[in-house]
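Note sheet for the following structure.
The values are calculated or read from the model by the stated rules, or taken from the named source; none is laboratory data. Being a predicted model, the structure only gives us computed values, none of them experimental. Neighbour counts are summed over all protein chains in view; Cβ atoms, including those assigned to glycine, are modelled from backbone coordinates with ideal geometry.
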Amino acid sequence: MMILSGDPPRSRILTLVLVVIILALAATPFLFPGAKALNVAAKICVFAALVASYDLLLGYTGSVSFAHTMFYGIGSYAIAIALYGMGPNWAAVATGTVVGLPLAALLALAIGLFSLRVAAIFFAMITLAVASAFQVLASQLSWLTGGEDGRSFQLPELLRPGTVLISKNLFGFEINGRILTFYLVFAVSALMILALLRVVNSPFGRVLQAIRENRFRAEALGFRTVFHLTYANCLAALVAAGAGILNALWLRYAGPDTSLSFSIMLDILLMVVIGGMGTIYGAIIGASIFILAQNYLQSLMGVASKAASEAGLPLLPGLLHPDRWLLWLGLLFIASVYFFPTGVVGRLRNPAGDKGGDLH
Amino acid sequence: MTDLAATDPLPKPKRDLAPILLPIALALLMIPLIGSTSSWLTLTVASLAMGMMIFIMASGLTLVFGLMDVLNFGHGAFIAVGAYVATLVLAPFAASIQADSLWMNLAVLAPAALLSMAVSGALGLVVERVLILPVYGQHLKQILMTTGGLIVAEQTMYALWGPQIIPMPLPASLRGSFILGDVAIAKYRVLAMLIGLAVFIAIQLVLNRTKLGLLIRAGVENREMVEALGYRIRRLFLGVFMTGSALAGLGGVMWALYREQVHASMSDDLTVLIFIVVIIGGLGSIGGCFIGAILVAMVANYGGFLVPKLALVSNILLMVAILMWRPRGLYAVTSR
């Protein structure tokens, strides 16, 4: 209870699902052999943390930001540039972290002070504009960021796949640097999510929810809403940058497509809404559903598309083409905003289907 | 307060001229910076043409927001849909597009543009009924719903037309430039400017000279009051939404011809630009939107000429500067 900050999942099925997901993630290197499974698991960890930090903004303060990938990208690029420039050592990892995190927080502070005073809609538009400018900037400053190609780099000795820590024992498993990196990603993501859970269940988190429900009233009660919103924005940016660092460490690469593009922003939005806004746990569920769909639904759709084209149906092969998987998730997204605005988590906690939801 | 006799005309509202002077001052300021008059003229015409196209696309968005407090994040999809629909007409008639006769070109272009407007307007009807009506009055859900709509629309376009870039060549008679002395002015830009001006004047006339426009302006200022007077503002809103979508479609055709290519991702880039324009102009203000569009285009063109590196972030800098000056945009129409 302590570790969950007194905010348990509050649903037997949800608890079960979460335990299964977390156990499966933790045991991936041993349960599911192969590079793809490990990649999927690491991506779920990174995105669970990233989406949870976005949930702090969207679900708990009710402000829609389109600049979240920017902070994610800052983390990724900071570590990539440091490791690329200083060589594969731990000092570079530390430098990247020490530079990247405050940079993200500072930028979040600037955006927050500039645009959180006004209505949610203004904030959404301004973050969208700033994020797109940042993306262009990152691809133009090619001497620093490597432009469209991004930056590939080497990890410190300990984390490389070639480093064998425990050679094959009698169970037939080998612990190498890759698996160690996976557990690093797993542990740091878990820590960040627990920290976010702590934040939203603190008095500060309650004020955020009060602002979400009725900003005017929160202000009348004496809370400096701009301060609280900006603070939440900075915290979310810090966690997003942390997730970006993990992502870059795992991929050994940072580039516009993997860390900055607008489509990642849409992915985050989809994950948080499908999982359930304002729950934090929704992030884990949403990220798992989305990334599993991204990696495994596509092959399923490929089969369906082939079958449709062989049956000579019009249009369907195009709509079922593996590259169009986002179409179906987009429809699911609209349906979930409309029919169950509290997402999977809200649905599981309240199966009666209270359609009002707690988001206005 | 001075007393007015019954026969005196009502005092005219004070005209706010500063925003109008802004682009003019900016253009004049650029003459010495750019140096040669001919390149200045070319750049100015280019920015006016680009600004008019952006205005056409953005006008619907700003009105929809002003009237109903609805922000459509999927507005960019109408632009791309308009452009794609135009290719449906233009591709089979490629021969008459390439013929060197203005009338033959226009005979294909005009129906193509009209069809685009009809399709995006009809799509606007569907979007308003399906996506916006259910979450009416809830900002957060509106943003999410329309963003979802954008994803679905974009993916459907990919599914229907494929992910490749479709070329959309300019008609033969619109290619090339008018040469006046040593100034070259692209013909298509003149056409774009004319259409943009026509749209602006038409919108202004409807808004200021008709009863419909009176209702729209009244609705922007105070929706509940208009409803209390017995007008169905929902229906009015639907009309404005469809018109805005149709205009976005027209803008999409013009932009595609300007770039001579069509791609579903064009909606993403333009959405950002349009948002900046709408913010700069003041949400809900057509005049502000017009000036904002021209300002954005000017900064893009002049900036691209003078400091190419800066052109990438120039829009953001412009927005910050304007919002520092007037925090609610050039013309603050709504009280929100």
Subject >> Tabulated pairs, the stretch B:201-221, first more than 14 Å from B:TYR231 (Cβ to Cβ), second polar (S, T, N, Q) and buried (at least 17 other Cβ atoms within 10 Å of the Cβ), C-beta under 8 angstrom, 6+ apart or interchain >> reply: B:ILE203/B:SER59
**OP:** Restricting attention to helices (runs of 4 or more DSSP H) lying wholly within the stretch B:80-180, give those where 1 or more residues are more than 12 Å from chain A (Cβ to nearest Cβ).
**Re:** B:94-98, B:102-127
Original post:
So, of the residues in the stretch B:257-275 that are over 14 Å from the mean Cα position of the chain (by Cα) and surrounded by 24 or more Cβ atoms within 10 Å (Cβ to Cβ), which turns out to be farthest from B:ILE132 (Cα to Cα)?
Top reply: B:LEU257
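Looking only at residues in the stretch B:28-79 that are polar (S, T, N, Q) and within 11 Å of the chain's Cα centre (by Cα), which one is nearest to the other protein chains (Cβ to nearest Cβ)?
Taking the stretch B:28-79 and keeping what is polar (S, T, N, Q), we get B:36-39, B:42, B:44, B:47, B:59, B:62, B:72.
Narrowing the set further to residues that are within 11 Å of the chain's Cα centre (by Cα) leaves B:59, B:62.
Numbers: B:SER59: 16, B:THR62: 12 Å.
Taking the candidates together, the pick is B:THR62.
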Subject >> Given (1) over 21 Å from A:ILE21 (Cα atoms); (2) more than 14 Å from every other protein chain (Cβ to nearest Cβ); (3) in contact (Cβ under 8 Å) with a residue 40 or more places away in the chain; (4) of a type in the set (Gly, Ala, Ser), index of the condition A:GLY330 fails >> reply: (2)
Original post:
Could you list, in sequence order, the residues of the stretch A:290-325 that are in contact (Cβ under 8 Å) with a residue 40 or more places away in the chain and within 14 Å of chain B (Cβ to nearest Cβ)?
Top reply: A:PHE290
**OP:** Just give me the residues in the stretch A:265-289 being within 13 Å of chain B (Cβ to nearest Cβ) and either at pLDDT below 85 or part of a helix (DSSP H, G or I) (or both), in sequence order.
**Re:** A:MET265, A:LEU266, A:ASP267, A:ILE268, A:LEU269, A:LEU270, A:MET271, A:VAL272, A:VAL273, A:ILE274
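Out of the residues in the stretch A:75-121 that are within 22 Å of A:GLY147 (Cα to Cα) and of a type in the set (Phe, Trp, Tyr), state the one that is farthest from the chain's Cα centre (by Cα).
Going residue by residue through the stretch A:75-121, those that are within 22 Å of A:GLY147 (Cα to Cα) are A:75-88, A:92-93, A:95-97, A:99-101, A:103-104, A:107.
Subsequent filtering for residues that are of a type in the set (Phe, Trp, Tyr) retains A:77, A:84.
On the way: A:TYR77: 16, A:TYR84: 24 Å.
In this case the residue turns out to be A:TYR84.
Test of understanding: among A:PHE182, A:PHE173, which residue is part of a helix (DSSP H, G or I) and either in contact (Cβ under 8 Å) with a residue 12 or more places away in the chain or touching a helix residue (DSSP H, G or I) at 6+ places or on another chain (Cβ under 6 Å) (or both)?
Numbers: A:PHE173 fails: part of a helix (DSSP H, G or I).
Going through A:PHE182, A:PHE173 in turn, the sole match is A:PHE182.
Somewhere in the stretch B:204-211, is a residue within 21 Å of B:VAL127 (Cα to Cα) and either assigned to a helix (DSSP H, G or I) or out of contact with any strand residue (DSSP E or B) (no Cβ under 6 Å at 6 or more places or on another chain) (or both)? I'd like the intermediate steps shown before the answer.
So in the stretch B:204-211, the residues within 21 Å of B:VAL127 (Cα to Cα) come out as none.
Looking for residues that are within 21 Å of B:VAL127 (Cα to Cα) and either assigned to a helix (DSSP H, G or I) or out of contact with any strand residue (DSSP E or B) (no Cβ under 6 Å at 6 or more places or on another chain) (or both), one finds none in the stretch B:204-211, hence no.
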Original post:
Only one of these conditions is not met by B:VAL89: (1) surrounded by 24 or more Cβ atoms within 10 Å (Cβ to Cβ); (2) farther than 21 Å from B:PHE237 by Cα. Which number is it?
Top reply: (1)
Original post:
If you check B:GLU221 against the conditions, is it surrounded by 13 or more Cβ atoms within 10 Å (Cβ to Cβ), more than 30 Å from A:ILE334 (Cβ to Cβ), charged (D, E, K, R) and away from every other protein chain (no Cβ under 14 Å)?
Top reply: yes
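Return the residues of the stretch A:207-216 that are more than 22 Å from the chain's Cα centre (by Cα) and surrounded by 12 or more Cβ atoms within 10 Å (Cβ to Cβ); say none if nothing qualifies.
Narrowing the stretch A:207-216 to residues more than 22 Å from the chain's Cα centre (by Cα): A:207, A:210-211, A:213-216.
If the condition is that a residue be more than 22 Å from the chain's Cα centre (by Cα) and surrounded by 12 or more Cβ atoms within 10 Å (Cβ to Cβ), then A:VAL207, A:ALA210, A:ILE211, A:GLU213, A:ASN214, A:ARG215 are the ones that fit.
Quick check: is even one residue across the stretch A:128-146 away from every other protein chain (no Cβ under 14 Å), touching a residue at least 24 places away in the same chain (Cβ under 8 Å) and within 19 Å of A:TYR77 (Cα to Cα)?
Yes, there is a match, as at least one residue in the stretch A:128-146 is away from every other protein chain (no Cβ under 14 Å), touching a residue at least 24 places away in the same chain (Cβ under 8 Å) and within 19 Å of A:TYR77 (Cα to Cα).
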**OP:** Pairs only if they're at least six apart or on different chains, beta carbon under 8 angstrom, first in the stretch B:124-146 and farther than 22 Å from B:ALA248 by Cα, second surrounded by 19 or more Cβ atoms within 10 Å (Cβ to Cβ) and hydroxyl-bearing (Ser, Thr, Tyr); list them, first residue then second.
**Re:** none
Original post:
Is it true that A:VAL337 is in contact with a Gly (Cβ under 8 Å, 6 or more places away or on another chain) and away from chain B (no Cβ under 14 Å)?
Top reply: no
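Filter the stretch B:244-277 for residues that are within 14 Å of chain A (Cβ to nearest Cβ) and polar (S, T, N, Q); which is nearest to B:VAL64 (Cα to Cα)?
Going residue by residue through the stretch B:244-277, those that are within 14 Å of chain A (Cβ to nearest Cβ) are B:264-277.
With polar (S, T, N, Q) added as a condition, the list becomes B:265, B:267, B:271.
Working: B:SER265: 23, B:SER267: 18, B:THR271: 15 Å.
Of everything passing the filter in the stretch B:244-277, B:THR271 is nearest to B:VAL64 (Cα to Cα).
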Original post:
What pairs can you find where one residue is in the stretch A:90-119 and within 15 Å of A:ALA241 (Cβ to Cβ) and within 14 Å of chain B (Cβ to nearest Cβ), the other is of a type outside the set (Asp, Glu) and assigned to a helix (DSSP H, G or I), and their Cβ atoms are less than 8 Å apart, with a gap of 6+ or different chains?
Top reply: A:LEU107/A:MET70; A:LEU107/A:PHE71; A:LEU107/A:ILE74; A:LEU107/A:ALA237; A:ILE111/A:ILE126; A:ILE111/A:THR127; A:ILE111/A:VAL130; A:ILE111/A:ASN233
